[in-house]
Amino acid sequence: MGRHKEFDVEKTLDKALTVFWKKGFADTSMTDLEEATGLKKPSLYLAFGDKNGLFLASLNRYLESFDAARVLLRRPLGWHNIENLFRAVARNPSKRGCFASISLREKEILPKEANKCIQSYFARVRQAYAENISAEGYKDAPAIVELLQSFQLGMVLSKLLSSEKDQSEAVDSFLAIVGSGIKRNSKD
């Protein structure tokens, strides 16, 4: 009888994540994951159940590594947290964009638990935006939260098309326009 070989789960998830990020959920096969991770299918099935389980574990690994809500909920709350998040995203040299956002394009075929995870993530981000806007005394938080999340999702797509410099300039302009409106509205 063969010996059970140990492997580094985090490294395995990072490798699987890269494949899912590049190919998407539907176009990623177990053979692709086997080749990327260096593990045989039985080991992957034993550790993660199936492709759905491996996708969900990879998604959770990604969300643990960068959670926008954590950035937004730094104390003290306020507009500066939103500025810090958008500038960090613009400075990130990766052209892949946010894995959770990109995965939404396959929402209809993703595992149910992955969809719940993504929806929960974006709900946490929306709530974090709202808390920062409220901390500024802004009177119409739902509208500005929608605008902020739309801009955040748009940044994901522009990562694929724009240079870091262009994206940084767009973020600076957006933040200046929206920020001045928030400050003006907060004083009313």
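The values are calculated or read from the model by the stated rules, or taken from the named source; none is laboratory data. Worth saying up front: this structure is predicted, and the values here are computed from it rather than measured. Counting neighbours? That spans all protein chains shown, and the Cβs are built from the backbone with ideal geometry, glycine included. What goes into the accessible areas is simple: the full protein's heavy atoms, side chains included, and nothing from ligands, DNA or RNA. Shrake-Rupley method; radii C 1.70, N 1.55, O 1.52, S 1.80 Å.
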Region 37-80, Kirkwood Rh and Cα Rg, ratio Rg/Rh at 1.29
Label-reachable residues, region 72-99, where backbone N falls under 15 Å from a point 7 Å from GLN127's Cα toward its Cβ
72-74
Treating only Lys and Arg (+1) and Asp and Glu (-1) as charged, each at its beta carbon, one finds that the chain has a dipole about its Cα centre, in Debye to the nearest 20, of 180 debye
Candidate aspartates and glutamates for bridging to LYS40, where Cα separation is under 13 Å - those fewer than 8 sequence places away on the same chain excluded
GLU6, ASP32, ASP50
Rg/Rg_ref, region 72-113, where Rg_ref = 2.2 N^0.38 Å and atoms are Cα:
1.57
Size of region 147-188 as Cα extents on the principal axes (Å, biggest first)
39, 18, 7
What would the Debye equation give as log₁₀ I(q)/I(0) for the chain at q = 0.19 Å⁻¹, counting only Cα atoms as equal point scatterers?
-1.24
Probe 1.4 Å, heavy atoms of protein chains only: per residue, the accessible area of region 41-116 in Å² is 52 Å²
Given the peptides 87-97, 117-127, arrange them by the average over their residues of other C-beta atoms within 10 Å, most packed first.
117-127, 87-97
So for each of 98-105, 23-30 I average, over its residues, the number of other beta carbons within 10 Å; can you give me the resulting order with the highest mean first?
98-105, 23-30
Whole-percent carbon and sulfur contribution to the accessible surface of region 30-80 (1.4 Å, no ligands, DNA or RNA) stands at 53 percent
Among the lysines, which have Cα under 28 Å from the Cα of LYS41 when same-chain residues fewer than 8 positions away are ignored?
LYS5, LYS11, LYS15, LYS22, LYS23, LYS51, LYS107, LYS112, LYS116
Inter-probe distance in nm under a simple model that places probes 7 Å from Cα toward Cβ, at ALA143 and LEU46:
5.9 nm
If you average the C-alpha positions of region 97-164 and of region 1-62 separately, how far apart do those two centres end up, in angstrom?
26 Å
With the dipole of region 1-109 defined by +1 on each Lys or Arg Cβ and -1 on each Asp or Glu Cβ, the option from SER29, ASN84, LEU39 whose Cα lies farthest towards the positive pole is ASN84
Mind checking the full-extension length gain between LYS183 and SER150? Use 0.36 nm per residue of separation minus the Cα-Cα distance, one decimal, nm.
9.9 nm
When we measure straight from the Cα of LYS95, which aspartates and glutamates land under 14 angstrom away, once same-chain ones fewer than 8 places off are left out?
GLU164, ASP166
